[in-house]
Each structure stands twice: as C-alpha cells, then as structure tokens.
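Worksheet: one structure, shown below.
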Amino acid sequence: MEEEKEITIDELIAEDKSGRYYEAVGRRKTSVARVRLFTQGDKKILINETDYKEYFPTKELQGIIESSLEKMKAENKFGSSVLVRGGGMHSQAEAVRHGIARALVEFNADFRKRLRRAGYLTRDPRMRERKKFGLKRARKAPQWAKR
C-alpha cells in the first residue's frame, strides 16, 4: 500500500494557477460578511476596502478574524477582500471568521474537519428576541402596583 503524504498549503496554492478566488458568506446575529480568498496578489485582509487592523482596532477582534487562518497555519498565504454589513463590531468580526472558514473549506475540503472541531463552521444562531406588545422589552413587564 502506498503512503499518503501530507500536502502543505504552499503546495496547494502553487497548484492553483487559475487566479480565481474562493467566495463564501459568513453570518452572526444581524451581521453578514461576504468573503473572497485570493491565492495570488496581495496577502492582506481588507474589510470594506480598509485594512482589518484599522477597521477592528482591538487585538481581541483582530484575533477573532485571524483565528481561522491560524488554525490552518495559513497566515500570510491568502489575500482576502471582505464586505461586511449590519450588527456590531464583535458580531461583524465573528461573521468574518465564519466566512473565512467557509472559504477555506471551499479551497480545500480536507480543512473541514479541523475547522469544524474548532467551531468556526457553525453559524451562531443566537439572535435578539423581538419586543412583545404590552411589555417594555422582549420580556420586561411594566412595574406592577397592587393599588
């Protein structure tokens, strides 16, 4: 029997001469991120046409975005262009991470297992509950007075 050797990301990128990109959509709460991963060109992450370190100023949010690439040991191997809309900063960062993870799986299906185990392919379904009539918020009732 032949031994299957592990193919590195560099070899996979070298094989991909098409020059096309891998596109995926990531979601979280009300945020939607359209991610395009490029194998050629700049190896920068651009979010809404600005550098991701400018768009997300805190290290925590930058770490969320980089985490799916770090998991696959693919930092500085892909360039990406992201359009993100809706939600807050943290929600947008997690939507971008979800989109990058999905695009990596589209690039190579073998990445699925590791990204799934890390939880980056699961869309976080938690949403804000709608406000109900007669209440101040979703569940907060007006103050009750006996007399």
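Values quoted throughout were computed directly from the atomic coordinates according to the rules given, and no laboratory measurement underlies them. Source: prediction; values computed, not measured. Here the Cβ positions follow ideal geometry from the backbone for every residue, glycine too, while neighbour counts run over all protein chains shown.
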- Restrict the check to segment 117-140 and report whether at least one residue is surrounded by fewer than 17 Cβ atoms within 10 Å (Cβ to Cβ), polar (S, T, N, Q) and either over 16 Å from the mean Cα position of the chain (by Cα) or in a strand (DSSP E or B) (or both). no
- Go through segment 19-45 and count every residue that is farther than 25 Å from residue 125 by Cβ, more than 13 Å from the chain's Cα centre (by Cα) and surrounded by 13 or more Cβ atoms within 10 Å (Cβ to Cβ). 6
- If a residue has to be in a strand (DSSP E or B) and of a type outside the set (Lys, Arg) to count, how many in segment 34-51 make the cut? 8
- Item | Selected residue (criterion: surrounded by the fewest Cβ atoms within 10 Å (Cβ to Cβ)) from residues of segment 79-109 that are farther than 14 Å from residue 35 by Cβ and free of Cβ contacts under 8 Å to residues at least 60 places away in the same chain | 109
- Message: Considering only segment 90-106, I want to know if a residue exists there that is within 12 Å of residue 72 (Cβ to Cβ), out of contact with any Ser or Thr (no Cβ under 8 Å at 6 or more places or on another chain) and not in a loop (DSSP other than H, G, I, E, B).
- Response: yes
- Query: Tally time: how many residues in segment 67-78 are surrounded by fewer than 16 Cβ atoms within 10 Å (Cβ to Cβ) and either within 12 Å of the chain's Cα centre (by Cα) or of a type in the set (Asp, Glu) (or both)?
  - Reply: 2
- Query: Among the candidates 102, 123, which residue alone is charged (D, E, K, R) and under 24 Å from residue 9 (Cα atoms)?
  - Reply: 102
- residue 50 within 25 Å of residue 21 (Cβ to Cβ), among the β-branched types (Val, Ile, Thr) and surrounded by fewer than 16 Cβ atoms within 10 Å (Cβ to Cβ): yes
